[in-house]
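Peer 1: Once you've had a glance at the structure underneath, I'll fire off some questions.
The values are calculated or read from the model by the stated rules, or taken from the named source; none is laboratory data. These figures come from a predicted structure and were not determined experimentally. Cβ coordinates were reconstructed from backbone atoms using ideal geometry, including for glycine residues, and neighbour counts include every protein chain displayed. Only protein heavy atoms, including side chains, enter the accessible area calculation; ligands, DNA and RNA are left aside. Shrake-Rupley method; radii C 1.70, N 1.55, O 1.52, S 1.80 Å.
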Amino acid sequence: MRFFFRSKQFKIILTVFIVVFAVSIIFSIIGKVIAPQSDIAGTITAPFRSAFTSISNGVSDFFDALSGGNEAMLENAELEAEINELRNQLADYEQISKENEFYKNYLEIKDQNPDFKFAPATLISRDSSDPYKGFVINKGSSDGISVHDPVITDAGLVGYISEVGLTTSKVTTILSADLTLGALDNRTSDSGIINGSLELAEKGYTKFQNLSRSCSVAVGDYVITSGEGIFPKGVLIGTIETISNDQYNTSLYASIKPFVDLDSLRDVMVITEFEGQGSILDSEEE
């Protein structure tokens with residue numbers, strides 16, 4: 001609206017209004033000088049007075065409409081601001097709800113493992129060249145993250161921190177051939193080693209190997225961490241999908257489907273501290 005007052009149309013209207021107003025004043029004065037009650041003066045000035053009155057009324061109506069338009073614009077601007085504020089509040093509410101849901105899902109894990117200390121993190125990039133679906137999170141050493149820290153979700157084990165920067169870290173997943181951890185069949189307590197392979201990773205599976213031929217593992221059993229290696233005991237890993245003979249020795253191995261869907265993963269928890277963590281790392285370094 002402010003551009004209208006700078007326009008050519010507004011300048012013309014303003015000029016006409018000033019001219020008519022000036023002429024009307026002049027003839028009004030002349031009429032009074034000649035004879036205030038003279039029909040001649042009235043006749044001479046009447047058209048101008050009429051024109052001035054009409055234009056004055058028109059300009060008045062124009063500015064009234066303009067004022068009303070400004071009020072409407074202000075009201076619309078206020079409504080738009082209120083709508084934007086409500087949108088922001090809704091976005092904040094949804095974000096808070098998601099965060100509450102995210103943390104709520106870890107309460108049971110925390111209750112069962114009071115020694116765990118968590119650092120929440122968000123996936124910020126995926127390594128497209130990594131067949132094991134490694135990724136980078138938005139937390140690093142400045143957030144208390146260290147190399148070998150376990151990474152989980154409420155569904156189960158994701159992997160571990162393999163590289164740490166100041167504000168970001170790289171996560172190696174449980175599909176990786178670089179990861180080795182002790183594991184147990186949750187039903188039978190039969191033990192083995194989780195170690196990924198490229199062939200199984202292409203299917204989204206990992207490998208539960210070095211199983212004794214006399215073991216009682218079965219398809220559908222849950223597999224959990226045994227506490228051997230860099231991971232705490234009892235973290236869910238996945239379910240047994242198939243059981244096969246190992247072609248390189250006399251043991252068995254099982255393919256494991258992780259509980260965590262790595263393709264849709266977004267938010268994770270890094271376990272920065274747990275009971276026995278230091279001793280596990282010390283024994284591995286030796």
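Peer 1: The conditions are (1) assigned to a loop (DSSP other than H, G, I, E, B); (2) touching a Ser or Thr at 6+ places or on another chain (Cβ under 7 Å), and T242 fails exactly one of them. Which is it?
Peer 2: (1)
Peer 1: What residue, among those in segment 212-239 that are among the β-branched types (V, I, T) and part of a strand (DSSP E or B), is nearest to the chain's Cα centre (by Cα)?
Peer 2: Filtering first and then ranking leaves I237.
Peer 1: Still on this structure, please answer the following. Condition first: in contact with a helix residue (DSSP H, G or I) (Cβ under 6 Å, 6 or more places away or on another chain), in contact (Cβ under 8 Å) with a residue 40 or more places away in the chain and over 18 Å from D261 (Cα atoms). Can you find one or more residues in segment 207-220 that meet it?
Peer 2: The answer is no, given that none of the residues of segment 207-220 is in contact with a helix residue (DSSP H, G or I) (Cβ under 6 Å, 6 or more places away or on another chain), in contact (Cβ under 8 Å) with a residue 40 or more places away in the chain and over 18 Å from D261 (Cα atoms).
Peer 1: Do we find that F208 is in a loop (DSSP other than H, G, I, E, B) and crowded, with 23+ Cβ neighbours inside 10 Å in this structure?
Peer 2: Criteria not met by F208.
Peer 1: Name the one entry in I240, I230, I224 that is hydrophobic (A, V, I, L, M, F, W, C), within 30 Å of S125 (Cα to Cα) and at pLDDT below 95.
Peer 2: On the way: I240 fails: at pLDDT below 95; I224 fails: at pLDDT below 95.
Exactly one residue qualifies, and that residue is I230.
Peer 1: If you scan segment 243-261, which residues turn out to be under 22 Å from Y160 (Cβ atoms) and either at pLDDT 95 or above or out of contact with any strand residue (DSSP E or B) (no Cβ under 9 Å at 6 or more places or on another chain) (or both)?
Peer 2: First pass over segment 243-261, keeping only residues under 22 Å from Y160 (Cβ atoms): 253-261.
Result: A254, S255, I256, K257, P258, F259, V260, D261.
Peer 1: Considering every residue within segment 143-154, establish whether at least one is assigned to a strand (DSSP E or B), in contact (Cβ under 8 Å) with a residue 12 or more places away in the chain, within 18 Å of K257 (Cα to Cα) and polar (S, T, N, Q).
Peer 2: Within segment 143-154 (the criterion being assigned to a strand (DSSP E or B), in contact (Cβ under 8 Å) with a residue 12 or more places away in the chain, within 18 Å of K257 (Cα to Cα) and polar (S, T, N, Q)), the answer is no, since none of the residues qualifies.
Peer 1: Let me confirm something: among S226, S128, S176, which residue is farther than 23 Å from K110 by Cβ, in contact with a strand residue (DSSP E or B) (Cβ under 9 Å, 6 or more places away or on another chain) and of a type in the set (S, T, N, Q)?
Peer 2: S176
Peer 1: Just to verify a result, which residue in segment 167-196, among those that are in a loop (DSSP other than H, G, I, E, B) and more than 23 Å from D267 (Cα to Cα), is most open to solvent (accessible area, probe 1.4 Å)? Break it down into steps so the answer makes sense when it comes.
Peer 2: At the first step, the residues of segment 167-196 found to be in a loop (DSSP other than H, G, I, E, B) are 167-168, 174-179, 186-190, 196.
Filter again for more than 23 Å from D267 (Cα to Cα), leaving 177, 186-190.
Numbers: A177: 45, N186: 89, R187: 143, T188: 38, S189: 78, D190: 36 Å².
That would be R187.
Peer 1: Output the residue which, of all residues in segment 114-142 that are over 23 Å from the mean Cα position of the chain (by Cα) and assigned to a loop (DSSP other than H, G, I, E, B), is surrounded by the fewest Cβ atoms within 10 Å (Cβ to Cβ). Break it down stepwise before answering.
Peer 2: In the first step, residues of segment 114-142 are kept if they are over 23 Å from the mean Cα position of the chain (by Cα); the result is 114-117, 129-132.
Within this subset, residues satisfying the condition of being assigned to a loop (DSSP other than H, G, I, E, B) are 114-116, 129-132.
Details: P114: 9, D115: 12, F116: 21, S129: 6, D130: 15, P131: 14, Y132: 21.
Filtering first and then ranking leaves S129.
Peer 1: Please identify the pairs in which a residue from segment 235-253 that is touching a residue at least 12 places away in the same chain (Cβ under 8 Å) and farther than 14 Å from R213 by Cβ has its Cβ atom under 6 Å from the Cβ atom of a residue that is aromatic (F, W, Y) and surrounded by 17 or more Cβ atoms within 10 Å (Cβ to Cβ), counting only partners at least 6 apart or on another chain.
Peer 2: From segment 235-253, the pairs are L236/F259; G238/F259.
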